[in-house]
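Everything on this sheet refers to the single structure shown next.
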């Protein structure tokens, strides 16, 4: 019960902060949170620690909590990403994450072709083959899990721990794309083939082909979802 209430407080405050309902600079008293959500002080205290670690709030003596500006948020945290995708910031979040993927994943594929262990390269081929079969069947939920697995394997196969650590970030954007109806009912045949091409290039130790195929996947992805953010201004 305590764990559930703890999650409830985090979810409630986190979504309200990320959506802008609680604007930067707003002050909150912990006793008002306790009363509004019907939870104990210890539950609020633990939830605040989590929100503080995400850069969303700052404890202020005698005032309670102060909402921190977006520049202070841990924008790579999967929970913040999930909350942003579920809010009116969906376009901006999908744009920034897709641009991040476009910059990182072709490089990761190239490195994977140079450094991937044989067992991971073989697993990539197997996952790509399953993706093609499942994609043709229209089972989007299974396809999503395979797609996350595929891109996570490429990042891991690169041998770069910084790239590998982005697997949860990329998993969230792939889930968001599916959950909000931004995936076609049946993935395009070219996209399915490109995943096979990436896996084959990695297994064949062809860095240039691996980078090129992954870059084409990213360019297709941008073309398919950019309508979500076309009218969204950039923040500087």
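The values are calculated or read from the model by the stated rules, or taken from the named source; none is laboratory data. Note that the coordinates shown come from a computational prediction; the quantities given were computed from them, not determined experimentally. Virtual Cβ from ideal backbone geometry, glycine too; neighbours counted across all protein chains shown.
Regarding the stretch 162-185, can at least one residue be identified that is assigned by TED's automatic domain parsing to the domain that holds residue 95 and at positive phi? Yes, some residue in the stretch 162-185 is assigned by TED's automatic domain parsing to the domain that holds residue 95 and at positive phi. Checking each residue in the stretch 150-166 for being buried (at least 18 other Cβ atoms within 10 Å of the Cβ) and without any contact (Cβ under 8 Å) to a residue 24 or more places away in the chain picks out only 152.
Residue 80 passes every criterion in (1) crowded, with 16+ Cβ neighbours inside 10 Å; (2) within 18 Å of residue 173 (Cα to Cα); (3) free of Cβ contacts under 8 Å to residues at least 60 places away in the same chain apart from (3).
The residues of the stretch 33-48 that are surrounded by 12 or more Cβ atoms within 10 Å (Cβ to Cβ) and not in a loop (DSSP other than H, G, I, E, B), listed by number, are 33, 34, 37, 42, 43, 44, 45, 46, 47, 48.
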